[in-house]
Amino acid sequence: MDLNLRNAIISNVSGNSQEELEATIMDAIKSGEEKMLPGLGVLFEVLWENSPKSEKEEILTTLENSLK
């Protein structure tokens, strides 16, 4: 069986409303479970790939400042 985790995660959230996406993200963060990290990573990948350069710079600034 060849399971593509990235495609499965995208399939699970495709068509979700903003509220549903926020609930998914918040549930993953609040649970603190390591098994949720791949899902958050895929969502971050989608965000990154679909953001213009100015938003990428804002994301990087936020990450840099949050990790100090």
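Any read-out appearing in this document is the output of simple, stated calculations on the displayed coordinates, not a laboratory observation. These numbers were taken from a predicted model, which means no experiment stands behind them. With ideal geometry, Cβ positions are generated from the backbone for all residues, glycine too; neighbour counts draw on all protein chains shown.
With a Förster radius of 22 Å applied to the beta-carbon distance between residue 4 and residue 35, the computed FRET efficiency rounds to 0.85.
This ranking places 42, 13 by how few other beta-carbon atoms lie within 10 Å of each, fewest first, which gives 13, 42. The label point for residue 20 and the one for residue 47, both projected 7 Å from the Cα toward the Cβ, are 1.9 nm apart. For the chain, the 222 nm mean residue ellipticity estimated from helices alone, with every DSSP H stretch of n ≥ 4 adding -39500 (n - 2.57) and the total spread over all residues, rounds to -23000 deg cm²/dmol. Computed over the chain, the range of Cα coordinates on each principal axis works out to 40, 26, 26 Å, biggest value leading.
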